[in-house]
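Here the structure comes first, spelled out in structure tokens, and everything after it is commentary.
The values are calculated or read from the model by the stated rules, or taken from the named source; none is laboratory data. What you are looking at is a predicted structure, and each value in this text was computed from that prediction instead of being measured. Note that each Cβ is placed from the backbone with ideal geometry, even for glycine, and that neighbours are counted across all protein chains shown.
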Amino acid sequence: MPTTQTQCLPAAAAPNGNPSTLHAIRVTSAPALHFVTAALIALAAGSAHASGFQLIENGSGLGNGFAGSAAAAEDASTIFPNPAGMTRLPGLNISAGTTAISTIFKFGDNHSTGPGGLPLGSNTGGNAGSLSAVPNAYLSWQASPNWFVGLGITAPFGLATQYDDNWIGRYQSTKFSITTINVNPSVAYKVDDRLSIGAGVSWQHLDADYQRNVPAAGLIPRLPSDLPATTLAAMAGQLKASPDMKARVKLGGDAWGWNVGLLYQLSDATRIGASYRSTMRYSASGTTTLRNIPGLFAGKIPGSADNSATTTLPDTAVLSVVHDLTPKWQLLGDVSWTGWSSLPSLKINSGALGEDQLKLEFRNTWRVALGANYQFTPSWKFRAGVAYDQSPIPSSALRPSSLPDNDRIIVSIGAQYRFNPRTTIDVGYAHLFFHANINNNTDPTKGTLSGDWQTSADMLGVQVSYRY
């Protein structure tokens, strides 16, 4: 329940011209600081890289659009999509790389309105996109003829958007970032020449930082109703003229999960792979802060409070196939499912700043990818791929400004160069085609944001692999 504080406003601060009067101000904190829920909404919102804010750019398959991810098993990066693939890697294998992701999100307004009719201005926020890097590193080792062990370090979820401080949608979001690190020890067993199985456990750490403006005018309903009308009008005028309050939520936490996979050689030319990665349940905690509190409420609304939230990041399932069409041509296919319905709603407890809950209505999503490899020479292999990826956000009415996410088509190309039988380097490039609009008025305290984004997203990845 929202917390309530009752304190006295000194007569000198009460603009009623009567210095002998003391007025009690009753402050209900949670409605004034309704931004807390928005932090976790943003966390669950998404990124421009894969379904929701999931990142799959964790290996050498970017040039194929990650088609065949659970069946390819070309290097140690197979640990992330399917640990059973380690059985195709004799000896000691090391693979490491990074993917640079560049996004452009430029908002175009379509008659957005501020909370309570507050003017929003004409600043459309600039480019809310960013340039970021997604690193990864893997190691696999053949411990015996049939047993293999490995370790993967990846960043499976991530997001970053930042608008101008005074843009039209400032009451919904000005900045949001989320970073994760996933440590995934794994083991695989070669049952026979056709079947291999694998499993792993994951420890994952998450940090989130969310910021937005809160209108000081939102405190007007918290003024005591028993004051004279002239006093209330003067105090309301002060609040309307006050600068926006600045809200920030920082959260962090750890979670544990697991993954399993199998690899089956259907024929000499065809291999299939299947894998499953579990949900990750977070009990996150951190600090909520509020700056620029109007003088009328100084000391009556806390400037900071501890917060906590429990949320479950989705599970995923992948089915892949790789087929050697000729000695030079290889075809790859991939169907994956992500269980975003694990986030039907979010509940955030911010201590002295109250408790809030919001329905999200996220939907489960599918991703389909097709790719091809061409072995041009013993040293050069060329890659291409195309994918269709759904967004978990069901409509423009539920789309948050922290992520201009939508269904997208991904087209990719790449190349592999083999320096010698032990060392390879992969380079891949992908472009995302998508469009996002918004008509979000789910929270009256944030107004209505209506419009669409000019969007662009490009990825460039480099992966180096070495076999001892």
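Side notes on the structure shown:
- Applying the condition of being among the aliphatic types (A, V, I, L, M) and within 21 Å of Ala384 (Cα to Cα) to segment 401-429 and asking which residue is surrounded by the most Cβ atoms within 10 Å (Cβ to Cβ) yields Ile410.
- From the options Gly286, Gly273, Gly261, Gly257, residue that is under 27 Å from Ser69 (Cα atoms) and touching a Gly at 6+ places or on another chain (Cβ under 6 Å): Gly261
- Among the strands (runs of 3 or more DSSP E) confined to segment 225-306, the ones with at least 1 residues that are surrounded by 18 or more Cβ atoms within 10 Å (Cβ to Cβ) and either more than 33 Å from the chain's Cα centre (by Cα) or of a type in the set (D, E, K, R) (or both) are located at 245-265, 270-277.
- Cβ-Cβ distances below 7 Å connect the following pairs, each with a first residue in segment 129-152 that is under 19 Å from Pro83 (Cα atoms), a second residue that is among the aromatic types (Phe, Trp, Tyr) and surrounded by fewer than 19 Cβ atoms within 10 Å (Cβ to Cβ), and a separation of six or more residues or different chains: Asn146/Tyr189; Trp147/Tyr189; Phe148/Trp141; Val149/Trp141; Gly150/Trp141.
Conditions (1) in a loop (DSSP other than H, G, I, E, B); (2) of a type in the set (Ser, Thr, Tyr), marked per residue:
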| residue | (1), (2) |
| --- | --- |
| Tyr388 | no, yes |
| Leu403 | yes, no |
| Gly414 | no, no |
| Phe419 | no, no |
| Val427 | no, no |
| Ile438 | no, no |
| Val462 | no, no |
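- Considering the conditions (1) of a type in the set (A, V, I, L, M, F, W, C); (2) closer than 30 Å to Tyr210 by Cβ; (3) touching a helix residue (DSSP H, G or I) at 6+ places or on another chain (Cβ under 9 Å), Ala255 is excluded by exactly one of them, (3).
- Pairing residues of segment 98-121 that are assigned to a helix (DSSP H, G or I) with residues that are surrounded by fewer than 16 Cβ atoms within 10 Å (Cβ to Cβ) and at pLDDT below 90, at Cβ distances under 7 Å and at least 6 apart in sequence or on separate chains, gives Pro115/Pro444.
- Taken together, the criteria place Gly385 among residues that are within 28 Å of Gly68 (Cβ to Cβ) and touching a helix residue (DSSP H, G or I) at 6+ places or on another chain (Cβ under 6 Å).
- Breaking point among (1) closer than 17 Å to Lys106 by Cβ; (2) free of Cβ contacts under 8 Å to residues at least 24 places away in the same chain, for Ser401: (2)
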